[in-house]
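Every number here is computed from the coordinates shown, using simple stated rules; none is lab data. Computed from a predicted structure; not experimentally measured.
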Amino acid sequence: MLTGQDLRRFQERLEAERATIESRMAARSRDYEQTMREDAGRGDSGDESFRVYDREFKVDVDVLDRATLAEIERALRRIEEGSYGVSEVSGKAIPIERLEAVPYAVTLVDEARYESC
């Protein structure tokens, strides 16, 4: 079972991860907007293809970051509710090693296939 100290440590780690992701998303958005302003109306079809690829890549990475942020928020709520570190599938304690690797895990490793159900 997780101690109060463990919970505080995981909460701090999750909050730090959230801040890092939010900062990364903001920087990526600023960089993208600046590039679009600078490149507007310039170049040939190859340049436009690169811009489309760049835009699609940004969207894909943002989707992954938003999904991770949602999992982090969920984990932080579970800390507040007192259910952090307990599998949503079996109700068993999630090993601290798994939480160290994936602090927003909600299942045991062998239950992970049920997470999206």
Exercise. From the backbone phi of segment 95-110, what are the Karplus-calculated ³J(HN,Hα) couplings (6.51 cos²θ - 1.76 cosθ + 1.60, θ = phi - 60°) in whole Hz, Gly and Pro given as x?
Worked result: x, 4, 4, 5, 5, 5, 6, 9, x, 9, 5, 10, 9, 6, 3, 6
Problem set entry | Residue-by-residue Karplus 3J(HN,Hα) for segment 22-30, coefficients 6.51, -1.76, 1.60, Hz, glycine and proline x | 4, 5, 5, 5, 5, 5, 5, 5, 4
For this session: Amide H neighbours of Val86 under 5 Å, at least 5 residues apart or on other chains, H built in the peptide plane: list them.
Result: Ile94
Seminar exercise, completed: One finds the C-alpha centres of segment 2-21 and segment 70-106 to be spaced, in Å, by 11
